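Chemist: Please find one structure pasted underneath; my questions will follow.
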Amino acid sequence: MPLLDIKNLTLEIDTAGGRVKALDKVNLTIDESEIRALVGESGSGKSLIVKSIVGAINDSWTLTADRLNWKGSDLLAMSKEQRRKITKDDIAVIFQNPVSSLDPTASLGEQLEENIPDHLVGKGWFWQRQEKRKQIVSRQLHKVGIKNHELCLSSFPHQISDDVCQKFMIAMALVSEPKLLIADEPTMGMETTIKSQILKLLSRLNQNRNLSILFVSHDLLAISSMCHSMTVLYCGQTVESGRMTNLRKRPLHPYTKALLDSAPSFSKDLLPKSNLSALDGTIPTLQHLPIGCRLGPRCPRAQKECVKIPAPRHIHNHYYSCHFPLHRPLK
Amino acid sequence: MSFYFLRRLNLLVFTLFMLAMASFGLAYLFPGDYLTNLTGIHFESEQQRQLYATLYKESDGVFWQFIAYLDLLWQGEWGQSFSSNQPLYQEVTTYLPASIELSAYALFVSLVVGIPLGFLAGLRHNKLADYSILSMSFIGYSIPVFWLALILILILSLQMGWFPISGRISLLYYIPLDTGFILIDIIRSDVSYKWDAFNDALRHLFLPTLSISIVTSTIILRITRRSVIEVMGSEYIKAATARGLNRYQVILRHGIRNTIIPIMPQLALQFTTLLTNAMIVESIFSWPGIGNWLIQAIYQGDYPSIRSGMLAVSSLVVIFTVSIDIVHKIIDPQRLYRQRVKI
Ligand SMILES: Nc1ncnc2c1ncn2[C@@H]1O[C@H](COP(=O)(O)OP(=O)(O)OP(=O)(O)O)[C@@H](O)[C@H]1O
Ligand code: SF4
Ligand SMILES: [Mg+2]
């Protein structure tokens, strides 16, 4: 049984032009101790998926799903309190914009300590527990590479630089020892050396502690080095998902291929000075979504049938949603 | 930070200076002899006038006259009232505390009523409780203060007889004047009827306080509600929820502080609105405050009183506003801890 199993998740949100399906029948699974990458262009809805999983969406949006299961039990069907317990104990999330997801009027120490679950603190007098909390907190900060933990803990969110803030968010997510870590662009804007430290830390936690990770990123290089499987999102629709190796070797969806080709360091057999390939046009806005396959207007293989939404098909556990996948020659 | 204080202080001094200038100008603009308007004395002989003319430097041109005026203001020589012939400094310092007292209690009541209701409405945004509180507040906001005061007198005093109609305390009780704030004076006095007097003063306070605090409560309610809605929709509240805090923990630990801190100056500034409303209500309840006193002065054409009364009230408002601004800067962590730290 997968840890997290999402089937046909649809999220309708209000925009200036009326209600639109910002996420349309998204499928995503995360197995135990798996690192899954979620990739897609900016605006494709990655962060919305993250928010949907942990329930941090606006009250006015409608979320429907055939399944949104955590270890087999449906998160949407259970009581609020049960769901809260699961998100508290088992799921931790690093939101994309770290500064705005911290309380501006509370010190970082306060906010970090708040996340330590009681069972890690243990029993004792309150000063003993406080002492224990301090220990946990400083150890966690050292792990993510914040050396001056005293100063960090007594600061307020607007005082620290963005990359320290990002590291702090990672510490805050990991301090509750979750089973699943959802990291929305956790290394964005970091220096390369710090970035590789963080990625190493995450891989290590994955191997030693069976931490499952949903890794949302643009960074294909980082993804290919640490992720086991990948889900590709375009415009709120999942276009392809499967094992990392299969996807890299033989992408079936035209969008995945374009995405992989667009990262030069990623495609090995690139001739020097050859043109970088990219799809024509840009990702459509939510107000002007094409009907059927949303890639349609930009897709080199598009045909008449593409105005109908392609159903997901699969070869073993390699899923794709396309009428004319790459392994079938065009008529 | 110190630059900020300097700027505020500069603004304060400059505004007070302008106010003093305006009040000085009034002495010229009011009908009659300008020296009479400044001193409040109808001179009986040329000699007497000459005495004051040298004091106010009449022969030295407007600029030096103004400097002399400032100097005298500073020394508490504000002239005297036409009607009572009492020194104005004393008059103002007796009547102003009564108004401040009334406004302060009304502000307290409005905060105690407005903030919790604002939270309730904001947390139940777009639900029944929100709509009912909001519509009630609209009704409260639309009622004119003087009309409300009259209705309250009509029902609660005249028909029910629960509360006294006018004044600050019953004539039965003599309370020596000390701070000018009646409740404090009663507590500090050592008369035998202390608690009876206190009770009586409270009953006198009830209606005026109620009539001016209703409008302010609705304003505070709506300021709070808007802030609550904004904070509860913010990313960090969603993030705190996503970390598994329950609703009460989220509100207690992250909601309240973030709601109150940004609106604190707005809330405190309601004091100035209250002071203006208090002036209206004072004359209805014959409350011996500065508003009532000023209106009497206007009726009697008591120019020195009008001049110094307006100067005193406007200075108070300006000083209060600037102090609130400074206090807010001091306690807001976002400003207090502005330096970035290097970690
Ligand atoms: N609160 C919101 N209100 C209205 N529209 C929103 C909101 N949040 C996101 N959207 C829209 O939903 C779409 C998907 O946004 P999302 O933030 O999930 O993209 P993303 O894939 O995370 O992009 P990025 O890589 O830039 O983070 C975008 O078109 C965005 O405009
Ligand atoms: S369904 Fe058609 S438009 Fe969509 S990706 Fe496949 S070929 Fe292109
Ligand atoms: Mg995003």
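The values are calculated or read from the model by the stated rules, or taken from the named source; none is laboratory data. Please read all numbers here as calculations on a predicted model, not as lab measurements. Cβ: placed from backbone, ideal geometry, glycine included. Neighbour counts: every protein chain shown.
Chemist: Can you find a residue that is within 14 Å of another protein chain (Cβ to nearest Cβ), more than 15 Å from ligand 2 (Cβ to nearest atom), under 26 Å from A:L11 (Cα atoms) and part of a strand (DSSP E or B) anywhere in the range A:232-243?
Modeler: For the range A:232-243, residues within 14 Å of another protein chain (Cβ to nearest Cβ), more than 15 Å from ligand 2 (Cβ to nearest atom), under 26 Å from A:L11 (Cα atoms) and part of a strand (DSSP E or B): absent.
Chemist: Looking for something within 17 Å of A:I86 (Cα to Cα) and more than 16 Å from ligand 3 (Cβ to nearest atom) - is there at least one such residue anywhere in the range A:8-27?
Modeler: No, every residue in the range A:8-27 fails to be within 17 Å of A:I86 (Cα to Cα) and more than 16 Å from ligand 3 (Cβ to nearest atom).
Chemist: What do you reckon, is A:A37 closer than 29 Å to A:Q140 by Cβ and either more than 16 Å from ligand 2 (Cβ to nearest atom) or in the same structural domain as A:P312 (by TED's automatic domain parsing) (or both)?
Modeler: So A:A37 fits the description; yes.
Chemist: Picking from B:R257, B:R253, which residue would you name as being within 13 Å of chain A (Cβ to nearest Cβ), over 20 Å from B:R226 (Cβ atoms) and either in contact with a Ser or Thr (Cβ under 9 Å, 6 or more places away or on another chain) or touching a residue at least 12 places away in the same chain (Cβ under 8 Å) (or both)?
Modeler: Among B:R257, B:R253, only B:R253 is within 13 Å of chain A (Cβ to nearest Cβ), over 20 Å from B:R226 (Cβ atoms) and either in contact with a Ser or Thr (Cβ under 9 Å, 6 or more places away or on another chain) or touching a residue at least 12 places away in the same chain (Cβ under 8 Å) (or both).
Chemist: Let me spell it out: the conditions are (1) more than 21 Å from the chain's Cα centre (by Cα); (2) more than 12 Å from chain A (Cβ to nearest Cβ), and B:S217 meets all of them except one. Which number is the exception?
Modeler: Answer for B:S217: the failing condition is (1).
Chemist: List the number of the failed condition for B:Q159; all other conditions in (1) buried (at least 18 other Cβ atoms within 10 Å of the Cβ); (2) modelled with pLDDT of 85 or more; (3) not small (G, A, S) hold.
Modeler: Going through the list (1) buried (at least 18 other Cβ atoms within 10 Å of the Cβ); (2) modelled with pLDDT of 85 or more; (3) not small (G, A, S), B:Q159 breaks only (1).
Chemist: How many residues are of a type in the set (A, V, I, L, M, F, W, C) and over 22 Å from the mean Cα position of the chain (by Cα) when one looks only at the range B:9-41?
Modeler: Number of matching residues: 9.
Chemist: A further question follows. Looking for something within 16 Å of ligand 1 (Cβ to nearest atom) and outside any helix (DSSP H, G or I) - is there at least one such residue anywhere in the range A:125-136?
Modeler: No, that holds for no residue.
Chemist: Hey, can you tell me all the residues within the range B:85-95 that are more than 16 Å from B:Y52 (Cβ to Cβ) and surrounded by fewer than 17 Cβ atoms within 10 Å (Cβ to Cβ)?
Modeler: Hits for the range B:85-95 are B:Q86, B:Q90, B:T93, B:T94.
Chemist: So for the range A:44-55 (the condition being in contact with a helix residue (DSSP H, G or I) (Cβ under 8 Å, 6 or more places away or on another chain), away from chain B (no Cβ under 14 Å) and not in a strand (DSSP E or B)), does at least one residue qualify?
Modeler: No: zero hits.
Chemist: Just checking, which of B:A239, B:A278 is under 29 Å from B:P116 (Cβ atoms), within 14 Å of chain A (Cβ to nearest Cβ) and crowded, with 24+ Cβ neighbours inside 10 Å?
Modeler: On inspection, the qualifying residue turns out to be B:A239.
Rundown of residues vs (1) in a loop (DSSP other than H, G, I, E, B); (2) crowded, with 19+ Cβ neighbours inside 10 Å; (3) more than 9 Å from chain B (Cβ to nearest Cβ); (4) not hydroxyl-bearing (S, T, Y), yes/no style:
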site	(1), (2), (3), (4)
A:L9	no, yes, yes, yes
A:E12	no, no, yes, yes
A:A22	no, yes, yes, yes
A:E32	yes, no, yes, yes
A:E41	yes, no, yes, yes
A:R84	no, yes, no, yes
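Chemist: I've got another one for you. Of the residues that make up the range A:2-12, is at least one at pLDDT below 90, within 24 Å of A:R313 (Cβ to Cβ) and not basic (K, R)?
Modeler: Yes - at least one qualifying residue is present in the range A:2-12.
Chemist: Quick one: what pairs do we get from the range A:38-55, first residue closer than 13 Å to A:V26 by Cα and within 11 Å of ligand 3 (Cβ to nearest atom), second modelled with pLDDT under 90 and among the small types (G, A, S), C-beta under 6 Å, 6+ apart or different chains?
Modeler: A:G45/A:A22; A:G45/A:G236; A:K46/A:G40; A:L48/A:A22
Chemist: Looking at the structure I just gave you, is A:P329 farther than 22 Å from A:K7 by Cβ, in the same structural domain as A:S241 (by TED's automatic domain parsing), surrounded by fewer than 16 Cβ atoms within 10 Å (Cβ to Cβ) and within 9 Å of ligand 2 (Cβ to nearest atom)?
Modeler: no
Chemist: Here's a follow-up. Only residues in the range B:280-306 that are more than 14 Å from B:L207 (Cβ to Cβ) count as the first member; pair them with residues that are of a type in the set (K, R), Cβ under 8 angstrom, at least 6 apart or cross-chain, and list the lot.
Modeler: Correct list of pairs: B:P288/B:R168.
Chemist: Of B:S189, B:S213, which residue is touching a residue at least 12 places away in the same chain (Cβ under 8 Å) and touching a Ser or Thr at 6+ places or on another chain (Cβ under 6 Å)?
Modeler: Matching residue, one of B:S189, B:S213: B:S213.
Chemist: For the range A:71-82, name all the residues that are more than 11 Å from every other protein chain (Cβ to nearest Cβ) and either out of contact with any Lys or Arg (no Cβ under 9 Å at 6 or more places or on another chain) or farther than 27 Å from A:V20 by Cα (or both).
Modeler: Result: A:K71, A:G72, A:S73, A:A77, A:M78, A:S79, A:Q82.
Chemist: Quick one: in the range A:154-191, of everything that is of a type in the set (S, T, N, Q) and in a helix (DSSP H, G or I), which residue is nearest to the other protein chains (Cβ to nearest Cβ)?
Modeler: Across the range A:154-191, the extreme among qualifying residues is A:Q159.
Chemist: Filter the range A:86-134 down to the residues that are more than 10 Å from every other protein chain (Cβ to nearest Cβ) and among the charged types (D, E, K, R) and list them by number.
Modeler: A:E113, A:D118, A:K123, A:R129, A:E131, A:K132, A:R133, A:K134
Chemist: Among the listed residues A:S47, A:S42, identify the single one that is within 21 Å of A:S241 (Cβ to Cβ) and either modelled with pLDDT under 90 or more than 16 Å from ligand 1 (Cβ to nearest atom) (or both).
Modeler: When all the criteria are applied, what remains is A:S42.
Chemist: Give the range B:76-133 a look and list any residue that's on the phi > 0 side of the Ramachandran plot and touching a Pro at 6+ places or on another chain (Cβ under 6 Å), or say none.
Modeler: Matches in the range B:76-133: B:G79 only.
Chemist: Of B:G244, B:G233, which residue is within 12 Å of chain A (Cβ to nearest Cβ) and buried (at least 21 other Cβ atoms within 10 Å of the Cβ)?
Modeler: B:G244
Chemist: Specify the residue that is nearest to A:T29 (Cα to Cα); the eligible residues are those in the range A:56-69 that are touching a Leu at 6+ places or on another chain (Cβ under 8 Å) and within 13 Å of chain B (Cβ to nearest Cβ).
Modeler: Looking at residues that are touching a Leu at 6+ places or on another chain (Cβ under 8 Å) and within 13 Å of chain B (Cβ to nearest Cβ), I get A:I57.
Chemist: Moving to a separate point now. Quick one: would you say A:S262 is more than 16 Å from ligand 3 (Cβ to nearest atom), hydroxyl-bearing (S, T, Y) and not assigned by TED's automatic domain parsing to the domain that holds A:K134?
Modeler: Yes.
Chemist: Looking at (1) of a type in the set (V, I, T); (2) free of Cβ contacts under 8 Å to residues at least 40 places away in the same chain; (3) under 19 Å from A:D31 (Cβ atoms), which is the only condition A:V232 fails?
Modeler: Checking A:V232 against (1) of a type in the set (V, I, T); (2) free of Cβ contacts under 8 Å to residues at least 40 places away in the same chain; (3) under 19 Å from A:D31 (Cβ atoms), the one that fails is (2).
Chemist: Taking the options A:E177, A:E185, A:E150, A:E131, name whichever one is surrounded by fewer than 23 Cβ atoms within 10 Å (Cβ to Cβ) and within 16 Å of ligand 3 (Cβ to nearest atom).
Modeler: The conditions single out A:E185.
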